[in-house]
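None of the figures in this text is laboratory data; all of them are computed from the coordinates on show. Remember, predicted model here, so these are calculated numbers, not experimental data. All Cβ positions, glycine included, derive from the backbone under ideal geometry; neighbour counts span all protein chains shown.
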Amino acid sequence: MARRKKRVNSDHVKLPGATNWKKLSAKLDAEKNCIIKKKVKKLQHVETSFDSPKLSKVTSISDRSQIKPLDNKRKRKTKPLIIDQLGNELSNNITHRLALDCEMVGSGKDGSENQLARVSIVNVYGDIVYDKIVLPREVVTDYRSAITGLDKEIISSKGVPFKTVQGEVAEMIRDKVVIGHDIKHDFDALEFSHPKPMIRDTAKYKPFKALSKGNTPSLKKLCREILKKSIQEGAHDSVEDARCALQLYRMHRTTWERSLKRFKKKSKNIQAVDDEDEVSDESESF
């Protein structure tokens, strides 16, 4: 009689390598959980860091952009080197983009003729690279102290000859993109011009002019409505004004330069600027 084979319950069959597979599977699960924990910990750290008092406050500008600190040290090449006559820390990092602002006093019978009294220049990071008081070449009849913050004593004791300042500024901004607000008046006071393709004037930028229904907006208005900050409440500070113009430009740099490139294709007269300063400018500010 043929011997019947004993039926074996497949549930109790021990496959070769099953034990090793279970160990490997457990090891993979443990590694996966470890990776997940690390990612969660990293996200928690990032969320916590935004609440740190060390970081500057982020202020909403619009639904599509936010303000970031302008003094981002990520790409800085140097630290401030010297203290100038006005007590400023000066940097020698003369970037391809510079922001300029001037203060003028008045000459003539009614004090309506502008005379250069102060020149301030900051680099693309907002660091001061130049700031000097200027000795006017004509008799000053109105120091406009309420606006300029200057008086006869300050100018006479700290002033530098006009020709010296004129030459230094011209050399510093040579072949540079110069940013400013209604900057034509500054160049008139400096008594030299700068190539139009290398100027970025926040008073002439169409999206900014739209805020004043096509008229020239004041820097104070642009700062109040776009940057959500108040300036020029008392005497004007040419360093602060230069930084604000720079901030406005950097917030819109990508679209601004892109529009110039499109215009360049049509007229071939505007020189749009590439990313020579290696800094992320879109939506950035103080």
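Can you tell me the FRET efficiency between Lys204 and Thr254 if r is taken as the Cβ-Cβ distance and R0 is 22 Å, rounded to the nearest 0.05?
Numbers: r = 18 Å, r/R0 = 0.82.
Here the calculated transfer efficiency is 0.75.
Using θ = phi - 60° and the Karplus relation 6.51 cos²θ - 1.76 cosθ + 1.60, list the HN-Hα couplings for segment 96-112 in order, rounded to whole Hz, with x at every Gly or Pro.
For segment 96-112, the Karplus-derived couplings read 5, 10, 9, 10, 10, 8, 10, 10, 10, 9, x, 10, x, 4, 9, x, 8 Hz, x marking Gly and Pro.
Would you mind putting 125-133, 23-31, 109-117 in packing order, based on average other-beta-carbon counts within 10 Å, highest first? Walk me through the intermediate numbers first.
On the way: 125-133: 21.2, 23-31: 10.1, 109-117: 16.3.
The packing order, highest mean first, is 125-133, 109-117, 23-31.
Rounded to the nearest 20 debye, what is the charge dipole size of segment 119-270 about its Cα centre when +1 sits on each Lys and Arg Cβ and -1 on each Asp and Glu Cβ?
Numbers: 30 positive and 20 negative charges, 285 e Å.
Computed about the Cα centre, the dipole is about 1360 debye.
List, in order, the whole-Hz ³J(HN,Hα) value for each residue of segment 245-252 obtained from phi through the Karplus relation with A = 6.51, B = -1.76, C = 1.60 and θ = phi - 60°; use x for Gly and Pro.
4, 4, 4, 4, 4, 5, 5, 10
For segment 210-221, just list the computed ³J(HN,Hα) in residue order, Karplus coefficients 6.51, -1.76 and 1.60, θ = phi - 60°, integers in Hz, with x standing in for Gly and Pro.
4, 5, 10, 6, x, 7, 6, x, 7, 4, 4, 5
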